[in-house]
Amino acid sequence: MRTQVGIVGAGPAGLFLSHLLHLRGIDSVVLELRSREHVEKRVRAGVLEQGTVDLLTETGVGDRMAKEGLVHHGIELRFGGRGHRVPLSELAGGRAITIYGQQEVVKDLIAARLADGGRILFEAGAVGLDGIDSDTPAVRYRHRGRDEVLECDLVAGCDGFHGVCRDAVPQGVLTAYEREYPFAWLGILASVPPSTKELIYSHHERGFALHSMRSPTLSRFYLQVDPDESLDRWPAERIWSELQTRLAVADGSWSLAEGPIVEQGITAMRSFVVEPMQYGRLYLAGDAAHIVPATGAKGLNLAVADVRVLADALAGWYGDGDTGPLDAYSERCLRRVWRAQHFSWWMTSMLHRFAGGDPYQHKLQLAELRYAVTSKAAATTLAENYVGLVEV
Ligand code: FAD
Ligand code: DHB
């Protein structure tokens, strides 16, 4: 098989890139390891920045999001047993976030690609790349029990953190920057109306908790847990009891409604960047090139930002042979990537309990949180990063 751009991975990065390229008349094929059902059901992120929402809307894949997405103009930081609202939109020039599950974005993109005659091969796992330092790269993949080859002009490695594309770059070319955190998140979806209108990020001596949502009848929660934690040790009663404790307010003026848990999982917390994000005819995008701890809700938004830059650069290259924007791809993306790295690290450091419960650090976190909700300058920093910066 042959195409112009060979895309590995049908997550948000790969699918949205394929869609953007189609709008510019550039052909692509997406290879995806898992089944369509699997990628459409995978529960992950839920917060879309204003820029992500605008881009999905402008490119014709925002109809369902406009109907079902929940637009939020603020978030709550809860600490010391009290809630404090950060008025995001007021502080960030009217910009807002939209709560719309990642798997809904993925469903909408798959539907759009298929309606436009796009080629997405599910259960087609890439096993290796050939000739990425030549003009004729190719992706080797396995599909329906057979070894196949996808020939292309360029490869977009959108295959997530555990994919194969990053490893195809020769040793010594990439530099990795990394930080592991001594905790993970246990996430649940519960069939119960949210007990809050806006997201609650809660700092507590027992560890961080987050109250989010997906719809008027579906709530999403996260609990900080040990990095090697197993779901077997977390029956529903323990999850709810811990959420009740960590989200409680001192004066009892708020209560948390419980309901049946319909999905649960544990996510590692890691910061990771490789530089550069390109080598020869291979361009890495999204989680394949960088990971952020989920506290800042940036992973999905960064993936979308990368492929926007890549699609523009490819349009220039195919249009009039301009190699400048393609050559500058990595440099251009990394500015936003590092801004999001810092923001995600900062939110994570401010809100989680660190091992040993160092009392000095606990006091520093409270001082930082209080500053974030009492100083307009500090709150604006949080707000403009959270809704997404226009220029980086
Ligand atoms: P992915 O969504 O990972 O897509 C990569 C795709 O490539 C996958 O479909 C995978 O199956 C496929 N693939 C892998 N290997 C191959 C191969 N060899 N051949 C073909 N296909 C391959 N972010 C937040 O902001 N908030 C959250 O709550 C949050 N929760 C998360 C929970 C989990 C378990 C994970 C893993 C991530 C979470 N994230 C969260 C991060 C966010 O979901 C990611 O940043 C986002 O999915 C990145 O999109 P992507 O397209 O780059 O990668
Ligand atoms: C959600 C996930 C996040 O990582 C976050 O910071 C806020 C909300 C969510 O899944 O709803």
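Structure notes:
- Conditions (1) free of Cβ contacts under 8 Å to residues at least 60 places away in the same chain; (2) within 11 Å of ligand 1 (Cβ to nearest atom); (3) touching a helix residue (DSSP H, G or I) at 6+ places or on another chain (Cβ under 8 Å): number failed by Cys158: (1)
- Within region 1-89, strands (runs of 3 or more DSSP E) holding 2 or more residues that are surrounded by 22 or more Cβ atoms within 10 Å (Cβ to Cβ): 5-8, 28-31, 75-79
- Check on Leu314, within 16 Å of ligand 2 (Cβ to nearest atom), at pLDDT 95 or above and under 20 Å from Ala10 (Cα atoms): no
- Number of positions in region 107-161 that are of a type in the set (D, E, K, R) and on the phi > 0 side of the Ramachandran plot: 2
- Filter result for Ser212 (within 16 Å of ligand 2 (Cβ to nearest atom), of a type in the set (Ser, Thr, Tyr) and more than 23 Å from the chain's Cα centre (by Cα)): no
- Filtered residues of region 161-176 (kept if touching a helix residue (DSSP H, G or I) at 6+ places or on another chain (Cβ under 8 Å) and under 24 Å from Trp345 (Cβ atoms)): Phe161, Gly163, Arg166, Leu174
- Whichever residue in region 1-53 is of a type in the set (D, E, K, R) and away from ligand 2 (no atom under 16 Å from the Cβ) and, among such residues, is nearest to Lys298 (Cα to Cα): Glu40
- In region 79-97 there is at least one residue that is aliphatic (A, V, I, L, M) and within 14 Å of ligand 1 (Cβ to nearest atom).
- Filter result for Val292 (within 9 Å of ligand 1 (Cβ to nearest atom), within 22 Å of His22 (Cβ to Cβ), in contact with a Leu (Cβ under 9 Å, 6 or more places away or on another chain) and not acidic (Asp, Glu)): no
- Pairs linking a residue in region 312-332 that is touching a residue at least 60 places away in the same chain (Cβ under 8 Å) to a residue that is assigned to a loop (DSSP other than H, G, I, E, B) and surrounded by 16 or more Cβ atoms within 10 Å (Cβ to Cβ), with Cβ atoms under 8 Å and 6 or more positions apart or on different chains, are Leu314/Ile26; Ala315/Ile26; Tyr318/Ile26.
To keep it simple, each residue is scored yes or no on (1) of a type outside the set (S, T, N, Q); (2) buried (at least 20 other Cβ atoms within 10 Å of the Cβ); (3) not in a loop (DSSP other than H, G, I, E, B).
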{"position": "Pro194", "(1), (2), (3)": "yes, yes, no"}
{"position": "Lys197", "(1), (2), (3)": "yes, no, no"}
{"position": "Ser212", "(1), (2), (3)": "no, yes, yes"}
{"position": "Leu223", "(1), (2), (3)": "yes, yes, yes"}
{"position": "Asp232", "(1), (2), (3)": "yes, no, yes"}
{"position": "Arg238", "(1), (2), (3)": "yes, no, yes"}
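- Output for region 129-155, where each listed residue is within 16 Å of ligand 1 (Cβ to nearest atom), crowded, with 21+ Cβ neighbours inside 10 Å and of a type in the set (A, V, I, L, M, F, W, C): Leu129, Ile132, Val139, Leu150, Cys152, Val155
- Selection from region 356-392 of residues that are within 26 Å of the chain's Cα centre (by Cα), over 21 Å from Pro87 (Cβ atoms) and in contact (Cβ under 8 Å) with a residue 24 or more places away in the chain: Gln365, Val392
- Those residues of region 191-223 which are within 17 Å of Ser241 (Cβ to Cβ), touching a strand residue (DSSP E or B) at 6+ places or on another chain (Cβ under 6 Å), away from ligand 1 (no atom under 15 Å from the Cβ) and of a type outside the set (S, T, N, Q), in sequence order: Val192, Gly207
- Residue count for region 244-301, restricted to those that are away from ligand 2 (no atom under 13 Å from the Cβ), on the phi > 0 side of the Ramachandran plot and crowded, with 24+ Cβ neighbours inside 10 Å: 1
- Glu104 touching a strand residue (DSSP E or B) at 6+ places or on another chain (Cβ under 9 Å), over 30 Å from Ser230 (Cα atoms) and among the acidic types (Asp, Glu): no
- Selection count, region 95-127, where residues are in a loop (DSSP other than H, G, I, E, B) and within 16 Å of ligand 2 (Cβ to nearest atom): 3
- Scanning region 39-62 for residues that are within 12 Å of ligand 1 (Cβ to nearest atom) and among the charged types (D, E, K, R) turns up Glu40, Lys41, Arg42, Arg44, Glu49.
The values are calculated or read from the model by the stated rules, or taken from the named source; none is laboratory data. Everything quoted here is computed from the prediction, not taken from an experiment. Virtual Cβ from ideal backbone geometry, glycine too; neighbours counted across all protein chains shown.
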